[in-house]
Amino acid sequence: MQDKKTFIAKTLHGLEELLANELKTIGAEDVTIQRRMVSFTGNTETLYRANFQTRTATRILMPIYEFKARNEEELYGLAKKFDWTSVMELSHKFAVDATVNSETFTHSHYIALKLKDAVADHFRDRFGRRPFVDPKKPHIQLHIHINNHDCTVLLDSSGESLHKRGYKLYQDIAPINEVLAAGLILLSGWDAKTPFIDPMCGSGTIAIEAALIARGIAPGIFRKNFGFENWLNFEKDTFEKVFNDESYERNLTPTIIGGDVSKRAIDLTILNAKNAGMHKFISTEKRSVFDFEPPQGPGTVITNPPYGERLKKEQITTFYKQLGDGFKQRYQDYKVWMLSGNMEAIKSFGLHASKTYTLFNGPLECKYLKYDIYSGSKKMKYKEK
């Protein structure tokens, strides 16, 4: 039986509970929700599965060294004492990232530099040479988190952020992050059996993530590599077991439609869907959201309309009003979910949201809103403002 270790899974604000549920599903234990992260315990297989199978994690970190430091010199000295040969070789290129919440340590770049020097000097003292630093493509990525005087050094098992699935070779302007897209779908509770539509699909991320979820395809299947593959204790057999496990895949053929007024957006959606092997499950339509005729409900719409960065205030207000009217008239018995960063424009939508989440699309705070569109036979139960 392997020793259990503690890990930290990072995520986006508002997706912590989804990630906790995903981690429990893959066998993680002691799952604890924190701010934009979830801690858990498990063995090596759990770590590999967390990287390979979870849709809402951005990276998985493993704490390797904890200590208290009162100033930068003490931090450097204590960090230098750690046996760095236990996690990397002289030939490994490495990089350091720092997150600081402290009155004593106020400059994260300087802290990263001190840890980098401590690691390099540890090797120089032992072997007469320092390992190379490569911030762009390191073999070993280290993070240091400081809270007041408590310092934790963590090893990054993911490498590139896990939102970079590997299928999206082409993207439209203002693309949505794959982790956020998966989060939107999981929050909606879509059952993968009723029609799913994104009528403003851009480069197709939401539609593709919906297809992957419906089919139970692991998001890590397209990745070229993970950080843990460079670790000294990498277990190739364990990773192959995780990689080849198809037990969670489902033989569903969902109805998923991506629509967009832009021909380029539709072309990108088709290319990205082919890269993901999901093109058989996604049909595309080049048409305006206002001309879109959805299949009969019940169904689910999840969409990320323009927020108005490139539109005048009156234009965006009119656009949202027309959007609300269109959903009301055409999407009876649908659950319509909309992510928007334009709080003013949402007021013009003309429908009352039955659920609201606060999420972030990059640095931009957004509302994720659910609207229940009832058919006339239910006496128009949607509430108009």
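The values are calculated or read from the model by the stated rules, or taken from the named source; none is laboratory data. Not measured: the values here are computed from a predicted model. Reconstructed Cβ throughout: ideal geometry from the backbone, glycine too, with neighbour counts over all protein chains shown.
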Being assigned to a helix (DSSP H, G or I) and touching a Ser or Thr at 6+ places or on another chain (Cβ under 8 Å) is the filter here; which residues of the stretch 21-49 pass it?
22, 23, 44, 45, 47, 48
Residue satisfying condition, being in contact with a helix residue (DSSP H, G or I) (Cβ under 9 Å, 6 or more places away or on another chain), surrounded by 12 or more Cβ atoms within 10 Å (Cβ to Cβ) and closer than 19 Å to residue 157 by Cα, within set 98, 112
98
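Taking the stretch 89-138 only, how many residues are part of a loop (DSSP other than H, G, I, E, B) and of a type in the set (A, V, I, L, M)? Quick ask: steps written out before the conclusion?
Just the residues of the stretch 89-138 that are part of a loop (DSSP other than H, G, I, E, B), to begin with: 89-93, 102-107, 128-132, 134-138.
Then drop every residue that is not of a type in the set (A, V, I, L, M), which leaves 90.
Going through the stretch 89-138 one residue at a time, the tally reaches 1.
Going through 199, 175 one at a time, which residue ends up being in contact with a helix residue (DSSP H, G or I) (Cβ under 9 Å, 6 or more places away or on another chain), closer than 27 Å to residue 288 by Cβ and without any contact (Cβ under 8 Å) to a residue 60 or more places away in the chain?
Details: 199 fails: without any contact (Cβ under 8 Å) to a residue 60 or more places away in the chain.
After applying the criteria, what remains is 175.
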Within 32 Å of the chain's Cα centre (by Cα), in a helix (DSSP H, G or I) and crowded, with 16+ Cβ neighbours inside 10 Å - does that describe any residue in the stretch 81-88?
yes
Might you let me know whether the stretch 54-65 holds any residue that is more than 20 Å from residue 142 (Cα to Cα) and in contact with a Gly (Cβ under 8 Å, 6 or more places away or on another chain)?
yes
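Return yes when residue 144 is within 24 Å of the chain's Cα centre (by Cα), over 20 Å from residue 234 (Cβ atoms) and at pLDDT 95 or above and no when it is not. Give the derivation first.
On the way: within 24 Å of the chain's Cα centre (by Cα): yes; over 20 Å from residue 234 (Cβ atoms): yes; at pLDDT 95 or above: yes.
Answer is yes for this residue.
Could you tell me whether residue 114 is of a type outside the set (Ser, Thr, Tyr), over 15 Å from residue 64 (Cα atoms) and touching an Asp or Glu at 6+ places or on another chain (Cβ under 6 Å)?
Numbers: of a type outside the set (Ser, Thr, Tyr): yes; over 15 Å from residue 64 (Cα atoms): yes; touching an Asp or Glu at 6+ places or on another chain (Cβ under 6 Å): yes.
Yes, satisfied.
Do we have residue 334 as touching a residue at least 12 places away in the same chain (Cβ under 8 Å), surrounded by 19 or more Cβ atoms within 10 Å (Cβ to Cβ) and of a type in the set (Ser, Thr, Tyr) here?
Numbers: touching a residue at least 12 places away in the same chain (Cβ under 8 Å): yes; surrounded by 19 or more Cβ atoms within 10 Å (Cβ to Cβ): yes; of a type in the set (Ser, Thr, Tyr): yes.
So residue 334 fits the description; yes.
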Yes/no for residue 180 being surrounded by fewer than 22 Cβ atoms within 10 Å (Cβ to Cβ), part of a helix (DSSP H, G or I) and touching a residue at least 40 places away in the same chain (Cβ under 8 Å):
no
Among the residues of the stretch 37-55, is there at least one that is loosely packed, with under 15 Cβ neighbours inside 10 Å, more than 22 Å from residue 13 (Cβ to Cβ) and touching a residue at least 40 places away in the same chain (Cβ under 8 Å)?
no
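Kindly provide the set of residues from the stretch 353-364 that are loosely packed, with under 12 Cβ neighbours inside 10 Å, within 17 Å of the chain's Cα centre (by Cα) and in a strand (DSSP E or B), ordered by number.
Of the stretch 353-364, the ones loosely packed, with under 12 Cβ neighbours inside 10 Å are 356, 358, 363.
Checking which are within 17 Å of the chain's Cα centre (by Cα) leaves us with 358, 363.
Within the stretch 353-364, just 358 meets the criteria.
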Please note which strands (runs of 3 or more DSSP E) are completely contained in the stretch 199-313 and include at least 3 residues that are buried (at least 20 other Cβ atoms within 10 Å of the Cβ) and out of contact with any His (no Cβ under 6 Å at 6 or more places or on another chain).
256-260, 299-303
